[in-house]
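Peer 1: Have a look at this one before I ask anything.
The values are calculated or read from the model by the stated rules, or taken from the named source; none is laboratory data. All values derive from a computational prediction rather than experimental measurement. Backbone-built Cβ (ideal geometry, glycine too); neighbour counts: all protein chains shown. Note: areas computed on protein heavy atoms with side chains; ligands, DNA, RNA excluded. Shrake-Rupley method; radii C 1.70, N 1.55, O 1.52, S 1.80 Å.
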Amino acid sequence: MGNLVNAEKISIAFGTRVLLDEVSLGLSTADVIGVVGRNGDGKTTLLRLLTGRLDPDSGQVTRSNALSLGYLGQADDFAPGATIRDAIVGGRPDHVWAADAHSRQLVERFLLTSGLNGAATDAGSPGDGSATGPGGAGGRSGQSGATAPSRGEDGGDPLARPVAELSGGERRRVALTGLLLGGHDLLVLDEPTNHLDVEGVAWLAEHLNHLQSKGTAMLVVSHDRWFLDAICNHIWEVHDAQVDSYEGGYAAYVLARAERARIAAANESRRQNILRKELAWLRRGPPARTSKPKFRIDAANTLIADEPEPRDKLALKEFATTRLGKDVFDLHAMSYALPGGRVLFDHLDWSIGPGDRIGLIGVNGSGKTTLLNLLDHAVEPTAGKVKQGKTLRIGHLSQAVAELDDDDRVLQSVERLKRRTKLATGREASASALLEEFGFTGNRLTARIGDLSGGERRRLQFLRLLLEEPNVLLLDEPTNDLDIDTLTVIEDYLDSWPGTLIAVSHDRYFLERVCDVEYALLGDGRCVLLPGGVDEYLRLRQRAGEASSDRPGKPSGAGPGASGASGSAGLGAAVRSGSAGATRADGASGAGPGASAGDGQEALTPAQARQARKDLARTESQLAKAEARVAELQARLAEHASDYEELLKLTQALEEATTRREALETAWLELSERLA
């Protein structure tokens, strides 16, 4: 393996704060290293040092002479007036770069099928095949014999569009495409998944794995834990001016870090025991001596001074929540269209109950944020109604963080809401204590909100939200700008939060951690349940893209499978609930917005669906116990192989347990089919 970059005892400080202190590390061919750490701990600074964009105060960085290095910063840097073609291929003619099959496929699949094909910026609904799952063929990517990109839907040149006209997600795709076409030995990526939707992240992970198999090395800063786990073979954790190295992806890093914490805790326990003995000796004082040996006193002082700094400084108190009644949200024949006429929701029926934990996914522009605004009554539906329960106290976390005043101070902004807060434990806590436990210490308490980083503003926004004691949380991209440690604290809090939760996020790890069920917004008026979660969504999106390419005459406004009563042919086997013959299927609380109309089954009422979900949960619990019983009996059979009488009893018991398990499996499948 060739060595590409080496850093030897590099240090750097900004003002009085030391970000890196005599750090030594190296990176070789085919290494894919994920860099994690809290906001402001020096992750981006480390990348800039290793790539030569910043010089260390001391130490040195050496790079291979023949190294080809590609760098993607957090902010896209395009030349004024640049077109997409200028940004990705430097203005080279299409017949030159498109002659390479890999380059052509990359542009078609990752760039043009994302909605940059000449259509409107927000035209990214699953219905038009504008994006595919990882590795999937987009609407035009199947033309392997093409020597130039397909023309846009309006007949124009899609690569001639000015970059300045693109959305944040589209600009990110352009920057990534240009970098991936460069054929570099080392890719340095700073938050590459910013603004990408779930499909874009999955496709990028698959492509980077392909490059890694060919020897490309990568250094990646990201807060997307699923992405890190999918591509990385090493993790670097930046903390306290040091960099710790871990082998494996993110999951392996979490396990290794937990083991290090366990060892540190054991060492601290031993230190405390020794310290207690030393202090007891110092207090006791032998009567035969008038003074104590200096080395014992020094040893005790060393133990006292050696108390380690706690690593995890972030904590969220258990805030009290207002009582939540049995009714939360009821959507009745709700429709909503944009001013231009594009329909986001078409006669949507949905009942959301107390304690439901729902994750919403979909391509950019499919209406996820709009749906949260409709639930909050910030936007009125075009038709139908959105009914809120009488006991609702909604906490709405927006993407824009617009409710924070840049001229306000951190502590004042919280004290203006509540100076003291009663926690769920019954204890009261002051605003300053809550802020300090959530990472705002020292001068950060009195800092201007306008001077805070994006992650700090997001933390403050979330804390202010919880102070209002909501019983319903509407979270719009809550993971934006937050570091992994902060995300872990928030997820841990939400695990035991008793209210109703609806979250919009492109962070798969977050959705799978805090939500019980996922729904997909299709952008053509439908919202469907995903029993298989995000993986099912990606598979179905890929299939929809392939189907779209097979039917070039299909209107772009129709979603895949939206062909009358054949609901099972569509994405998520759903049809509009307002169309003729349509039925409703259970959602998160038993009244979901998606349904299958062509399977001959009667629709479940909200009450029936809610009961079915309870039966399903109970069956899953019983099935787990039955499987544990079968495993226990099988183990006992092996232990009593020589005891004939005991063997006979155990065999009979095993047959009964196996029969019960099979009956529960059948019941589980039947309930799942009813709900899906």
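Peer 1: So which residues in the range 179-208 are polar (S, T, N, Q) and open to solvent by 20 Å² or more (accessible area, probe 1.4 Å), if there are any at all?
Peer 2: Taking the range 179-208 and keeping what is polar (S, T, N, Q), we get 193-194.
The answer is 194, and nothing else.
Conditions (1) at positive phi; (2) modelled with pLDDT of 65 or more, marked per residue:
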| position | (1), (2) |
| --- | --- |
| 558 | no, no |
| 577 | no, no |
| 580 | no, no |
| 594 | no, no |
| 600 | yes, no |
| 617 | no, yes |
| 629 | no, yes |
| 638 | no, yes |
| 651 | no, yes |
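Peer 1: Same structure again: Do any residues in the range 192-207 that are of a type in the set (S, T, N, Q) have Cβ atoms under 9 Å from those of residues that are surrounded by fewer than 21 Cβ atoms within 10 Å (Cβ to Cβ) and part of a loop (DSSP other than H, G, I, E, B), where the two are at least six apart or on different chains, and which pairs are they?
Peer 2: Within 9 Å, the pairs are 194/74; 194/480.
Peer 1: If you don't mind, there's one more thing I want to ask. Among the residues of the range 351-390, how many are in contact with a Gly (Cβ under 6 Å, 6 or more places away or on another chain) and either open to solvent by 40 Å² or more (accessible area, probe 1.4 Å) or within 16 Å of residue 529 (Cα to Cα) (or both)? Please lay out each step first, then the result.
Peer 2: Step one: of the range 351-390, the residues in contact with a Gly (Cβ under 6 Å, 6 or more places away or on another chain) are 363-366, 368, 389.
With the extra rule that they be either open to solvent by 40 Å² or more (accessible area, probe 1.4 Å) or within 16 Å of residue 529 (Cα to Cα) (or both), the set shrinks to 363-364, 366, 368.
Going through the range 351-390 one residue at a time, the tally reaches 4.
Peer 1: Now, a different point. Quick check, is residue 487 surrounded by 14 or more Cβ atoms within 10 Å (Cβ to Cβ) and part of a helix (DSSP H, G or I)?
Peer 2: Numbers: surrounded by 14 or more Cβ atoms within 10 Å (Cβ to Cβ): yes; part of a helix (DSSP H, G or I): yes.
Yes: the conditions hold for residue 487.
Peer 1: Which count do you get for residues in the range 617-664 that are over 43 Å from the mean Cα position of the chain (by Cα), open to solvent by 80 Å² or more (accessible area, probe 1.4 Å) and among the hydroxyl-bearing types (Ser, Thr, Tyr)?
Peer 2: Adding up the residues that qualify gives 2.
Peer 1: In the range 56-107, which helices (runs of 4 or more DSSP H) lie fully inside it and hold 3 or more residues that are crowded, with 18+ Cβ neighbours inside 10 Å? Spell out the reasoning first.
Peer 2: Values: elements: 84-89, 94-97, 101-106.
Output list reads 84-89, 101-106.
Peer 1: If you don't mind, another one. List, please: which pairs have Cβ atoms under 7 Å, are six or more places apart or on different chains, and start with a residue in the range 4-21 that is more than 26 Å from residue 186 (Cβ to Cβ) and end with one that is open to solvent by 20 Å² or more (accessible area, probe 1.4 Å) and of a type outside the set (Phe, Trp, Tyr)?
Peer 2: Sorted first by the residue in the range 4-21, then by its partner, the pairs are 13/57.
Peer 1: Given 481, 476, 492, 485, which one is more than 9 Å from the chain's Cα centre (by Cα), at positive phi and of a type outside the set (A, V, I, L, M)? Working first, answer last.
Peer 2: Working: 476 fails: at positive phi; 492 fails: at positive phi; 485 fails: at positive phi.
From the options 481, 476, 492, 485, the qualifying one is 481.
Peer 1: In the range 1-55, which residues are of a type in the set (Gly, Ala, Ser) and either surrounded by 20 or more Cβ atoms within 10 Å (Cβ to Cβ) or part of a strand (DSSP E or B) (or both)? Talk me through it step by step, then tell me what you get.
Peer 2: Pass one, the range 1-55, residues of a type in the set (Gly, Ala, Ser): 2, 7, 11, 13, 15, 24, 26, 28, 30, 34, 37, 40, 42, 52.
7, 11, 13, 24, 26, 28, 34, 37, 42 - these are the residues of the range 1-55 that are of a type in the set (Gly, Ala, Ser) and either surrounded by 20 or more Cβ atoms within 10 Å (Cβ to Cβ) or part of a strand (DSSP E or B) (or both).
Peer 1: Right, next: Would the range 319-341 turn up any residue that is surrounded by 14 or more Cβ atoms within 10 Å (Cβ to Cβ), at pLDDT 85 or above and in contact with a Lys or Arg (Cβ under 6 Å, 6 or more places away or on another chain)?
Peer 2: The answer is yes, given that some residue of the range 319-341 is surrounded by 14 or more Cβ atoms within 10 Å (Cβ to Cβ), at pLDDT 85 or above and in contact with a Lys or Arg (Cβ under 6 Å, 6 or more places away or on another chain).
Peer 1: A further question on this structure: Taking only the range 377-417 into account, find how many residues are assigned to a strand (DSSP E or B) and closer than 21 Å to residue 480 by Cβ.
Peer 2: Let us first name the residues in the range 377-417 that are assigned to a strand (DSSP E or B), namely 383-388, 394-397, 409.
Restricting the remaining residues to those that are closer than 21 Å to residue 480 by Cβ gives 394-397.
Number of matching residues: 4.
Peer 1: Can residue 96 be described as modelled with pLDDT of 95 or more, more than 30 Å from residue 444 (Cβ to Cβ) and more than 32 Å from the chain's Cα centre (by Cα)?
Peer 2: Against the criterion (modelled with pLDDT of 95 or more, more than 30 Å from residue 444 (Cβ to Cβ) and more than 32 Å from the chain's Cα centre (by Cα)), residue 96 does not qualify.
Peer 1: Within the set of pairs 6+ apart or on separate chains, which have a first residue in the range 75-98 that is in contact (Cβ under 8 Å) with a residue 60 or more places away in the chain, a second that is of a type in the set (Val, Ile, Thr) and open to solvent by 30 Å² or more (accessible area, probe 1.4 Å), and C-beta atoms under 9 Å apart?
Peer 2: 89/96; 94/147
Peer 1: Right, something else. All but one of (1) modelled with pLDDT under 80; (2) open to solvent by less than 90 Å² (accessible area, probe 1.4 Å); (3) of a type in the set (A, V, I, L, M) hold for residue 256; which doesn't?
Peer 2: (1)
Peer 1: Considering the range 232-252 alone, what residues qualify as being under 13 Å from residue 36 (Cβ atoms), open to solvent by 10 Å² or more (accessible area, probe 1.4 Å) and among the aliphatic types (A, V, I, L, M)?
Peer 2: Across the range 232-252, the qualifying residues are 243, 251, 252.
Peer 1: Also, I was wondering about something else. For the range 212-223, enumerate the residues that are surrounded by fewer than 19 Cβ atoms within 10 Å (Cβ to Cβ) and hydrophobic (A, V, I, L, M, F, W, C).
Peer 2: Selection gives nothing.
Peer 1: So, of the residues in the range 273-295 that are open to solvent by less than 60 Å² (accessible area, probe 1.4 Å) and assigned to a helix (DSSP H, G or I), which turns out to be modelled with the highest pLDDT?
Peer 2: 275
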